[in-house]
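K.L.:
First, the structure itself, so that you have it in front of you.
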Amino acid sequence: MGCILALAMLVPATGVWAGGELIGEVRTKFKVLGANDKIVIEAFDDPDIPGATCYLSRAKTGGISGSIGLAEDTSDASLACRQTGNIQLPGSVRSGKDDGEQVFKKSTSVLFKSMQVVRYYDKKRHTLIYLTYSNKLVDGSPKNAVSAIPILDKWND
C-alpha cells in the first residue's frame with residue numbers, strides 16, 4: 001500500500017495538461033461514501049495551433065478511491081474540436097512532420113493509465129484531425145473518438 005501512495009503523489013490523477021479547463025460535469029452514479037461517478041467536460045486549446053479548440057467529455061470514477069485519486073477511470077470518452085479563431089498552420093504541421101503529436105494528456109489512474117489526444121493534418125482536405133484514446137503502461141483500450149476541424153477561409157480573410 002505504501003508503494004501505491006508514493007505513486008499517487010508522483011502521478012496526480014486530477015492534473016490538467018496542455019491548458020485544459022473544466023467546463024462542467026454531470027453525476028452518473030450516486031455514491032454513499034466519497035464523490036459520485038460523473039462525466040466531466042474539459043476544453044483545451046491546441047498548444048501549437050491558436051484558433052483550434054477541443055472539448056473532451058470523459059468518465060470520472062467516484063467513491064472513496066476516486067476521491068483520493070486511487071480509482072481507475074474507464075476509457076469512455078467523446079471529443080469535439082472546432083475552429084474558434086484564425087488558424088495559421090506551422091510548417092511542421094502542414095508538412096505532416098508533427099502528425100501524431102500529443103496535444104492533451106490527462107492521468108486517469110494512479111498506475112500509469114492516461115487519456116490522450118493526438119493531432120494529424122489531412123493536407124488533401126485542409127483539415128486537422130484529433131483522436132482521443134486511452135493507454136496503460138502495458139496495454140491500452142480500443143475505445144476512441146475522433147473529431148475534425150476543416151480550416152475555413154472565412155477566418156483567414
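K.L.:
Filter the cross-link list LYS123/LYS143; LYS106/LYS143; LYS29/LYS113; LYS105/LYS143; LYS29/LYS106 down to pairs whose alpha-carbon distance in this structure exceeds 18 Å.
P.N.:
LYS123/LYS143; LYS29/LYS113; LYS29/LYS106
K.L.:
Give me, ordered by chain and number, the residues 5 or more places off THR108 or on other chains with an amide H under 5 Å from its own placed amide H.
P.N.:
For THR108, the qualifying residues are LYS113, SER114, MET115.
K.L.:
Say a paramagnetic label sat at a point 7 Å from the Cα of THR127, along Cα to Cβ; which residues of the stretch 35-61 have their backbone N under 18 Å from it?
P.N.:
Only 52-55 fall inside the zone, counting backbone N under 18 Å.
Only the coordinates and a few stated rules stand behind these numbers; no lab work does. None of the values given here were measured: they were computed from a predicted structure. Positions of Cβ are generated from backbone atoms using ideal geometry, with glycine treated the same way; all protein chains shown enter the neighbour counts.
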